[in-house]
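Participant: Just passing along the structure, written as C-alpha cells.
The values are calculated or read from the model by the stated rules, or taken from the named source; none is laboratory data. Quantities reported herein were computed from a predicted structural model and do not represent experimental measurements. Glycine gets a Cβ as well: all are built from the backbone with ideal geometry, and neighbour counts include every protein chain shown.
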Amino acid sequence: MTADTTPSPCCPQCGQNDMVRLVSAIVRSDPESPLAQKLAAPRSPRPVPEIGCATLFFGTMVSISAAIFAVGLTELTTTAPRTSLLFGVRDTSVFTGIITFLFVFVGVHGMFVWRQARLNRIFRRAFVAWHRASERWQQLFYCARCDGVFLPGQTTLTPVDQMRMLIYARRQPSQATVAPPSRAEGG
Ligand SMILES: [Zn+2]
C-alpha cells in the first residue's frame, strides 16, 4: 500500500528519486531514530512570560528597602527638631522616605517594562524566523543515498548537519530559477 500520491523530486546530487523521502515523513514514522533526531523540526521559541506578581513584589521590596535606607540616612544627617510622628521620626525623613519609595518603585518597574518590551521584540523576530523555517522544513526532502537534504527546485544538496542553516536562511536557497522576462513598457 503506497501512501505517497505525488512522486518525490529528484535529488540534486545523484539525480535519482528512488531513495528520496519527505523529511517530515521520516521524522513522523520513526521519531526516535538517530536520523530523525538530526532531521527534527525546528523548535518554536518560548514566549516571554508577562510581568507578574513576583516582579511587582520584588519592585515593592526593593523600593521599601531603599525608602528605609533613605529615612535612616536622613535621620542621621538632619539636624531638624524631632516631631511627634511615628517613633519620633522627623518630617523630613518621612518625606525623603516617601519620595525615595516612589522614585525607586517607578524606576524598578520601568526597567522591567523596558526589559519586557525588548524581550518581546526578540521573541517576535525569533518567531517569524521559526515560522519561515518550519514552512521550509515541511517541504524538505532527504536523499538516503547522498545523506543530504534539499528543497524542491534547489540545485545543490545540503549536508544533514547544515539543515538548520538551510531552513533558517534569510533568503530562499539557490534555485534553478529562470530570470523573469523583462517587460517592455511603452509610455
Ligand atoms: Zn541523492
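Participant: If we scan the range 98-107, do we find a residue that is at pLDDT below 95, of a type outside the set (Asp, Glu), away from the ligand (no atom under 16 Å from the Cβ) and under 25 Å from the mean Cα position of the chain (by Cα)?
Facilitator: Among the residues of the range 98-107, not one is at pLDDT below 95, of a type outside the set (Asp, Glu), away from the ligand (no atom under 16 Å from the Cβ) and under 25 Å from the mean Cα position of the chain (by Cα), which makes the answer no.
Participant: Right, something else. Give the number of residues within the range 103-119 that are touching a residue at least 24 places away in the same chain (Cβ under 8 Å) and loosely packed, with under 13 Cβ neighbours inside 10 Å.
Facilitator: 1
Participant: Taking the range 1-50, which residues are within 20 Å of Glu135 (Cβ to Cβ), hydrophobic (A, V, I, L, M, F, W, C) and either under 25 Å from the mean Cα position of the chain (by Cα) or assigned to a loop (DSSP other than H, G, I, E, B) (or both)?
Facilitator: Within the range 1-50, Val23, Val27, Ala36, Leu39, Ala40, Ala41 qualify.
Participant: Okay, next question. Within the range 63-84, does at least one residue satisfy the condition of being at pLDDT below 90, under 30 Å from Met111 (Cα atoms) and of a type in the set (A, V, I, L, M, F, W, C)? Give the derivation first.
Facilitator: Within the range 63-84, the subset at pLDDT below 90 is 71-84.
Filter once more, so that each one left must be under 30 Å from Met111 (Cα atoms): 71-75.
Those still in the list that are of a type in the set (A, V, I, L, M, F, W, C) too: 71, 73.
Yes, some residue in the range 63-84 is at pLDDT below 90, under 30 Å from Met111 (Cα atoms) and of a type in the set (A, V, I, L, M, F, W, C).
Participant: In this structure, is Pro7 without any contact (Cβ under 8 Å) to a residue 12 or more places away in the chain, exposed (fewer than 11 other Cβ atoms within 10 Å of the Cβ) and away from the ligand (no atom under 16 Å from the Cβ)?
Facilitator: no
Participant: For Ser93, are the conditions met, namely being part of a helix (DSSP H, G or I), modelled with pLDDT under 90 and not hydrophobic (A, V, I, L, M, F, W, C)?
Facilitator: Details: part of a helix (DSSP H, G or I): yes; modelled with pLDDT under 90: yes; not hydrophobic (A, V, I, L, M, F, W, C): yes.
It is true that Ser93 is part of a helix (DSSP H, G or I), modelled with pLDDT under 90 and not hydrophobic (A, V, I, L, M, F, W, C).
Participant: Which of the residues spanning the range 31-61 are exposed (fewer than 12 other Cβ atoms within 10 Å of the Cβ) and among the charged types (D, E, K, R)?
Facilitator: Residues satisfying the conditions are Glu32, Arg43, Arg46, Glu50.
Participant: Ok, one more. Please go through the range 131-162 and give me each residue that is under 17 Å from Thr6 (Cβ atoms) and near the ligand (Cβ under 10 Å from one of its atoms), ordered by number.
Facilitator: Correct list: Phe141, Tyr142, Cys143, Phe150.
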